[in-house]
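Down below is the structure, laid out as structure tokens.
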Amino acid sequence: MLRILKSKAPNSCFRLTSAAFQSQRRLYADQPPPAEGFLPGVADSKLLKRTPEEALRNPELAALSAANGETEKMNFFQAINNALSTALATDETSVVFGEDVSFGGVFRATSGLAERFGRDRVFNTPITEQGIVGFGIGMAAVGHTAIAEIQFADYIFPAFDQIVNEAAKYRYRSGGIFNVGGLTIRTPCSAVGHGGHYHSQTPEAFFAHCPGVKIVMPRSPIQAKGLLLASIRDRNPVIFLEPKILYRAAVEEVPVSDYELPLGKAEVLKRGNNVTVVGYGTQIYKLENAIQLAEKHIPGLSCELIDLRTIVPLDIDTICESVNKTGRLVIGHEAPKTGGFAAEITTAVMERSFLRLEAPIQRVCGWDTPFPLAFEKFYMPDMIRCYDAIKKVTEY
Amino acid sequence: MLRSTASRLLANVRVAPKAFAPARAFSTTAPSFFASATDASEKVKITLPESSFEVYNLEKPSLELEFSKEALVDMYTKMVTMRRMEMAADALYKAKQIRGFCHLCTGQEAVSVGMESAINSSDQIITAYRCHGFTYVRGGSIKSIIGELLGRECGISKGKGGSMHMFSPAFYGGNGIVGAQVPLGAGIAFTQKYLDIPAVTFSLYGDGASNQGQVFEAYNMAKLWDLPCVFVCENNKYGMGTSAARSSASTQYYTRAGYIPGIQVNGMDVFAVHQACKFAKEWTTSGKGPLVMELNTYRYGGHSMSDPGTTYRTREEIQHMRSTSDPITGLKQHLLDNSVASEAELKAIDKEARKIVDEAVKEAQASPEPDLKEFWTDIYQPGSEPVMVRGREPGESHWY
């Protein structure tokens, strides 16, 4: 397999990669891919907070534990639901709308909201993505809190003009008279194992190129709730990308009270001294596994894992602080490599930490192909690839 | 103040759910019956019920039509084969052999079969999600359709696309963003006009997609340049889980272009669809410009496989449509009433359809997954690709 891919990985790495690959192939050779996709490790991830104590140990939630330390077991979509519920309860101008949302949405993230808050605040729209975003921009321009859902991130492109030319520039072009700070666009993104061309894409890089919008992608239920509430209340239009494979796969004890997590602040998930590993969304779990594998196979290695959480604004300080310490950087994301957000991170780090780098920065990304149905397992920047990259920067 | 503005704004959005009334059930009154000979080419006259069409700014097409017995049997065969194929897909999905997205056209067979019977291979069709039936009538083999769903090499798009990505030479797909295909249809029609090809393009979309802005952009261009384009709204009453009345300010889809004449058709009657499509082809190819056609139809299953299809409509409603308006049952009745075929002969056709589909499924299952080299094909024109496509990590690239 790797020979076809023309890998230039060192031999030792080749053996390991090949073996791991073959075990995966054996597993899937005579049976379909698992419904939850090729995503080892979410269930066992050490990053998920499975007890109330773990959940509240987070310094960002310290204030919360004193006031109201109650938590509830929620998966990712329930945490989104909980955040939306909080937003609707605390802001009477907030409304939730999108295709089929009043029935709960295709991923159940809005279930029960229409019953609880009324069908004038949680309502279905026609299938009209450009219209949904434009409508939300109009509402937000008046001062409303518009929480729009685009059913799949792949469907956001009909609304591209509204986001890039209207939402992002409203404040600037009106000299501050109007803004659409109340607009938040939620949309399920990323691979799911079998989504094919139009139900798998991760479009963050398209929007990162557009000044005026913020882009957020949480990795877990606790993060999803806090970041979504912050996005809704942030006075800028926010695109909130929800990795759909995590909707059911990621489960945590989520604080029930109202809390926000900061936008524009990356989170260091694991401290380490030798390699900085950066990602966001689903990729975090692959990176976590890759780090475990690398630390097992390379004696003395310790990696630092950083979840960006917010893609724009980019928290370059946290990344560079880490790179200045480790000298090595590996970045992973699912979107294709060319023009992907890893390129932006790479350049930003090069500008600030060039002399501290000990090895070329490694990007582990999706292939520069359309998102494939049949070849998803070959397309994905999987754990083994991330491991290879860590190994490469270590051995450079 | 803001709240009251919002309530006014939402007055149009918050439409109370209406009880579903089938637009027009399949006529149970027998058509005029003149022929009884068994000769395949012998003509059978059919009279459509008055209720088959509603029109907007045009004269109703004739209600009289004629088919050879052979053509009638062909329609029946295609419809039962198509249904059997979709049932096979349903079973394969439930057996977890088909993954991802799968949108079945069970219940809507009269649309593709009726349309195909009225046009030829110089006419073009383009649609969005529910495309298996069109792929089949436009020449795609059952093996290639099932193979595509299974993601196998024998699939019509080499197994690279799946349910909504099927194409054949006179069928432009199979598209993943609903509504996006409609202006494409206008573009295809423009080339027909430009090249003086006496042919028409049917640009299809559902009641759900009918509210996409691009649909109206395409209407305008088509009328502005009088393109031979028929905008066909397959109104199956529900866009995913939202009923037409909840999504559309006007559910009279055939009137929604305003400046383009329209026709509403009983899409559960293959004869009505045939007659409407024939009429539309004559209209558009005689230089009169585009038409909007609404085909009232019904899908028996959910929007996709993960939708049971019963949360936003009642089981009774589905059962009612099945028992009163089924397109296959309706056609079968005509065949029996006109002595085109006997009950036993039709049973034999059903049995044969089952056999053909079962064999095709077996062949598709035996087909391997597409070779990895296909991962990099069809991105660029062969010979003009960039030197290489970059892969996941540095060094993992594909060189053309």
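Odds and ends about this structure:
- FRET efficiency, B:Ala348 to B:Leu372 (Cβ-Cβ, R0 45 Å, nearest 0.05): 0.55
- For the range B:259-267, 3J(HN,Hα) per residue [Karplus equation, 6.51 cos²θ - 1.76 cosθ + 1.60, θ = phi - 60°, Hz, x = Gly/Pro]: 8, 10, x, x, 9, 9, 10, 6, x
- Charge context of B:Tyr300, other residues only, Cβ under 9 angstrom, K/R +1, D/E -1: +1
- Taking 26 Å as the straight-line reach from the Cα of B:Lys94, the lysines in range (excluding those fewer than 8 positions away in the same chain) are A:Lys244, A:Lys377, B:Lys78, B:Lys143, B:Lys158, B:Lys160, B:Lys237, B:Lys351, B:Lys355, B:Lys362.
- The shape of the range A:265-395 comes out oblate: with a ≥ b ≥ c from the C-alpha gyration tensor, a/c is at least 1.5 while a/b does not beat b/c.
- Of the residues B:Ile379, A:Ile384, the one with the largest accessible area comes first in the ranking B:Ile379, A:Ile384, computed with a 1.4 Å probe on protein heavy atoms.
- Selected from A:Leu61, A:Asn124, B:Gly287, residue furthest toward positive end of dipole (the protein assembly as shown; charges at beta carbon): A:Leu61
- Averaging the sequence gap over all C-alpha pairs within less than 8 Å and six or more residues apart, then dividing by the number of residues, gives chain B a relative contact order of 21 percent.
- B:Gln212 sits among other residues whose Cβ lies under 13 Å from its own Cβ, and their net charge, with Lys and Arg +1 and Asp and Glu -1, is -3.
- Between A:Leu355, B:Ser384, B:Leu63, the Cα set farthest toward the positive side of the dipole of the protein assembly as shown (charges on each charged residue's Cβ, about the Cα centre) is that of A:Leu355.
- Axis of helix A:316-326 versus longest Cα principal axis of chain A: the two differ by about 20°, to the nearest ten degrees.
- Acute angle (nearest 10 degrees) that the helix A:283-297 long axis makes with the longest principal axis of chain A, alpha-carbon atoms: 20
- Folded to 0 to 90 degrees: helix A:129-142 orientation relative to chain A principal axis, Cα: 60
- For the range A:73-135, the set of GluC sites (Glu not before Pro) satisfying both a DSSP loop assignment and a count of at most 14 other C-beta atoms within 10 Å is given as A:Glu92.
- Net charge of neighbours whose Cβ lies under 14 Å from the Cβ of B:Asp371, counting Lys and Arg as +1 and Asp and Glu as -1: 0
- Antiparallel %, DSSP beta bridges [both residues in the range A:265-395], to 5: 20
- With contacts taken as Cα pairs under 8 Å and at least 6 residues apart, the range A:265-395 reaches a relative contact order of 30 percent.
- Placing +1 on the Cβ of every Lys and Arg and -1 on the Cβ of every Asp and Glu, with no other charges, gives chain A a dipole of roughly 1160 debye about its Cα centre.
- Cα gyration tensor category, rounded, prolate or oblate, for chain B with a/c compared to 1.5: rounded
The values are calculated or read from the model by the stated rules, or taken from the named source; none is laboratory data. Predicted model, so just to flag it, every value in this text is computed and none were measured. Quick reminder, even Gly has a Cβ in these numbers, built from the backbone with ideal geometry, and neighbours come from all protein chains shown. Only protein heavy atoms, including side chains, enter the accessible area calculation; ligands, DNA and RNA are left aside. Shrake-Rupley method; radii C 1.70, N 1.55, O 1.52, S 1.80 Å.
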